[in-house]
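First up is the structure itself, then whatever we jot down about it.
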Protein chains: 2
Amino acid sequence: VGSTTARLRADRRTAICDAVFELLGEVGYDRMTMDAVAARARASKATIYRSWPTKPELVAEAIVHHFGDSPASPDTGSLRGDLLETVGNACQVAGSSDGDVISGLMTAAGRNPDLAQTMQRCMYDAKHAMFQQIVDRACRRGEVCSGADAGVLHEVLHALILARRMWDSGDLDDGYAEHVVDQVLIPVLEHPRRAAEVESARQ
Amino acid sequence: VGSTTARLRADRRTAICDAVFELLGEVGYDRMTMDAVAARARASKATIYRSWPTKPELVAEAIVHHFGDSPASPDTGSLRGDLLETVGNACQVAGSSDGDVISGLMTAAGRNPDLAQTMQRCMYDAKHAMFQQIVDRACRRGEVCSGADAGVLHEVLHALILARRMWDSGDLDDGYAEHVVDQVLIPVLEHPRRAAEVESARQ
């Protein structure tokens, strides 16, 4: 009986998360109502409010359900390979219908600090471990020094893809991924070693 | 008589541009109507439509009138000084009430391709000459090589400030400006020289 209950609960969660994600794509965050979510998922509003008292929390749940907890980091054997795969994946998502949902949420988040915080947590913070792993492996291979900062890597990549997607300022293709990796991300990651070399040459 | 007409025309342009800028701050782009602009500026709608047939064109005119045609580039005598002043200025504008208007326009632009193009032209393209001057002077001083790319500098700076402002992900203070300049922009601009050095060491 316990496992049946657990399965029913999981099925209901899936139905609610799918309903949220569909409605975000169809009507957007601002016009998505709890009534519409409940109707689409065939769930009671009380059930939804009990687990997810606010709209941002419901969105966070739907995002985690749709994209998974935190992405696995690519492991191609080189820093450049790992970065090209990471940026390529980000470009692919940004250019898909999932990207439309994310872009709509980010637009709504510009006017809604609670939603902005939620998006920060489940779309940004959740990916940090992946960037750290890429940098740690590059450091062990000797491609960057221990001063290389996964936080800056993440910050810059996130801002570039988001700006390009939100305001449609250019293609999100392989050429763009190479541009970002070779002209921005690798220079940023290699810089601490170079700064240390310049410093030690001075002494 | 000719100069009186020209002055009246300039006064009317100022009244219309001020009305647009105020209304953008008060009600935002989507709810700003031509009727409201005409009433606030004490101008006829026909007059407005004759010079600026579309809402994005009217916004472009108001932005150019408010911020000036294209900003003068700082000339502090060093690349780092010029970049710190440029990023500091951008942070200051982003954190002011002008930044609220820009941020509101960028939010609206996410759903309006015509407005996105207009913003690209009068808020992005118009600044390119300033970045080119900074890089050209740094190149003449020998701080960067001729491969240093003002376009990448502009792209990265724009995306970082905008993302931080739109989703309020942190302070836009002097510490942030230093972080952007020292950890991102200078590494990006210095990279082409280093790549050329590595290439020539190989040969």
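The values are calculated or read from the model by the stated rules, or taken from the named source; none is laboratory data. Since we're looking at a predicted model, the values are computed, not measured. Cβ atoms come from the backbone with ideal geometry, glycine included; neighbour counts cover every protein chain shown.
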Next item on the list: Specify the residue that is farthest from B:Glu190 (Cα to Cα); the eligible residues are those in the stretch A:192-203 that are of a type outside the set (Gly, Ala, Ser) and more than 9 Å from chain B (Cβ to nearest Cβ).
Entry: A:Gln203
Notebook entry, point to check: Does the stretch B:3-13 contain any residue that is closer than 19 Å to B:Ile102 by Cα and at pLDDT 90 or above?
Noted result: no
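Out of curiosity, is A:Ala108 among the hydrophobic types (A, V, I, L, M, F, W, C) and closer than 22 Å to B:Ala109 by Cα?
yes
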Next item on the list: Report whether or not A:Gly77 is surrounded by fewer than 18 Cβ atoms within 10 Å (Cβ to Cβ) and either within 13 Å of chain B (Cβ to nearest Cβ) or part of a helix (DSSP H, G or I) (or both).
Entry: no
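When the stretch A:144-156 is examined, which residues are found to be within 11 Å of chain B (Cβ to nearest Cβ), over 18 Å from the mean Cα position of the chain (by Cα) and among the small types (Gly, Ala, Ser)?
Selection gives A:Gly147, A:Ala148.
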Check: What number of residues within the stretch A:157-186 satisfy the criterion of being under 18 Å from A:Ala138 (Cα atoms) and facing another protein chain (nearest Cβ under 7 Å)?
Finding: 2
Notebook entry, point to check: Is one or more of the residues making up the stretch A:6-28 closer than 27 Å to A:Asp125 by Cβ, charged (D, E, K, R) and not in a helix (DSSP H, G or I)?
Noted result: no
Check: Name the pairs: first residue in the stretch B:81-94 and more than 12 Å from B:Leu153 (Cβ to Cβ), second residue assigned to a helix (DSSP H, G or I) and among the small types (Gly, Ala, Ser), Cβ to Cβ under 8 Å, at least 6 apart or on different chains?
Finding: B:Leu84/B:Ala177; B:Gly88/B:Ala177; B:Cys91/B:Ala177; B:Val93/B:Gly99; B:Ala94/B:Ser103
Check: Taking the condition surrounded by fewer than 19 Cβ atoms within 10 Å (Cβ to Cβ) and out of contact with any Asp or Glu (no Cβ under 6 Å at 6 or more places or on another chain), does A:Arg141 pass?
Finding: yes
Next item on the list: Spot the failing condition for A:Ala126; the list is (1) away from chain B (no Cβ under 14 Å); (2) small (Gly, Ala, Ser); (3) surrounded by fewer than 17 Cβ atoms within 10 Å (Cβ to Cβ); (4) under 15 Å from the mean Cα position of the chain (by Cα), and only one is missed.
Entry: (3)
Checklist line | Residue among A:Ser146, A:Ser169 that is surrounded by fewer than 18 Cβ atoms within 10 Å (Cβ to Cβ) and either within 18 Å of B:Leu185 (Cβ to Cβ) or modelled with pLDDT of 90 or more (or both) | finding: A:Ser146
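Give the number of residues within the stretch A:133-186 that are assigned to a loop (DSSP other than H, G, I, E, B) and out of contact with any helix residue (DSSP H, G or I) (no Cβ under 9 Å at 6 or more places or on another chain).
Residues meeting the conditions: 1.
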Check: Which residues, taken from the stretch B:27-41, are buried (at least 18 other Cβ atoms within 10 Å of the Cβ) and either touching a strand residue (DSSP E or B) at 6+ places or on another chain (Cβ under 8 Å) or closer than 26 Å to A:Ala108 by Cβ (or both)?
Finding: B:Tyr29, B:Met32
Next item on the list: Mind telling me which of the residues B:Gly99, B:Gly95, B:Gly110, B:Gly77 ends up being farther than 23 Å from B:Arg12 by Cα and at pLDDT 95 or above?
Entry: B:Gly77
Check: Looking at the stretch B:99-116, which of its residues are surrounded by 17 or more Cβ atoms within 10 Å (Cβ to Cβ) and either within 17 Å of B:His154 (Cα to Cα) or not β-branched (Val, Ile, Thr) (or both)?
Finding: B:Gly99, B:Ser103, B:Gly104, B:Leu105, B:Met106, B:Ala108, B:Ala109, B:Gly110, B:Asn112, B:Leu115, B:Ala116
Checklist line | Any pair with Cβ under 9 angstrom, 6 or more apart, that starts in the stretch A:142-169 at a residue that is in contact (Cβ under 8 Å) with a residue 60 or more places away in the chain and ends at one that is basic (Lys, Arg) and part of a helix (DSSP H, G or I) | finding: A:Glu143/A:Arg80; A:Glu143/A:Arg137; A:Val144/A:Arg193
Item checked: Residues that are among the polar types (S, T, N, Q) and either within 13 Å of B:Leu162 (Cα to Cα) or facing another protein chain (nearest Cβ under 9 Å) (or both), drawn from the stretch B:99-113 -> B:Ser103, B:Thr107
Checklist line | Residues located in the stretch A:78-119, provided they are over 18 Å from B:Ser103 (Cα atoms) and hydroxyl-bearing (Ser, Thr, Tyr) | finding: A:Ser78, A:Thr86, A:Ser96, A:Ser97, A:Thr118
Check: So is A:Leu189 touching a residue at least 40 places away in the same chain (Cβ under 8 Å), part of a helix (DSSP H, G or I), more than 9 Å from every other protein chain (Cβ to nearest Cβ) and under 21 Å from B:His191 (Cα atoms) or not?
Finding: no
Note to self: So for the stretch A:52-61 (the condition being surrounded by fewer than 13 Cβ atoms within 10 Å (Cβ to Cβ) and part of a helix (DSSP H, G or I)), does at least one residue qualify?
What the structure shows: no
